[in-house]
Amino acid sequence: RARPVDDVIRSAAEVDPVLAAKRAEMHQERLRNLRVFVGWLRANGPLRAGLDEDEAAVTVWTVTGPDVHRLLVDDLGWDHERYHAWVHSTLEAALLP
């Protein structure tokens, strides 16, 4: 749902350094929030063997990022149901035993 906002900020950030810094800050905040999510995951069951919380958070951050959504939905024409199913199966395979 945040993708349209990111699209606007991303475009404006190309010419406005203040917005570029704000966008970078927003993505770092999203990563911090996803670290909390991964901590909850780990507290409620194990992560895949050999996967630490930082790597897991970066994986979630990347897979669920607006750029990946843009590539799959806009460029490849996936509908939202296919995108959500892919995110679910990809994160399940990447994070869980």
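The values are calculated or read from the model by the stated rules, or taken from the named source; none is laboratory data. Since this is a predicted model, take the numbers as computed values, not measurements. Cβ placement follows ideal geometry from the backbone for every residue including glycine, while neighbour counts extend to all protein chains displayed. What goes into the accessible areas is simple: the full protein's heavy atoms, side chains included, and nothing from ligands, DNA or RNA. Shrake-Rupley method; radii C 1.70, N 1.55, O 1.52, S 1.80 Å.
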For region 1-30, how many residues are within 17 Å of the chain's Cα centre (by Cα) and of a type in the set (Asp, Glu)?
-> 4
Taking region 68-83 on its own, how many of its residues are under 21 Å from residue 27 (Cα atoms) and of a type in the set (Asp, Glu)?
-> 1
Tell me, which residue of region 54-64 that is farther than 15 Å from residue 92 by Cβ and crowded, with 17+ Cβ neighbours inside 10 Å is farthest from the chain's Cα centre (by Cα)?
-> 57
Only one of 51, 34, 19 that is surrounded by 16 or more Cβ atoms within 10 Å (Cβ to Cβ) and over 18 Å from residue 92 (Cα atoms) | 19
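Being more than 27 Å from residue 9 (Cβ to Cβ) and either at pLDDT 95 or above or open to solvent by less than 30 Å² (accessible area, probe 1.4 Å) (or both) narrows it down to one residue among 72, 76, 96, 91; which is it?
Among 72, 76, 96, 91, only 96 is more than 27 Å from residue 9 (Cβ to Cβ) and either at pLDDT 95 or above or open to solvent by less than 30 Å² (accessible area, probe 1.4 Å) (or both).
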Residue check, residue 46 in contact (Cβ under 8 Å) with a residue 40 or more places away in the chain and under 28 Å from residue 10 (Cα atoms) | no
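Return the total of residues in region 6-30 being free of Cβ contacts under 8 Å to residues at least 40 places away in the same chain and within 21 Å of residue 58 (Cα to Cα).
Total satisfying the criteria: 11.
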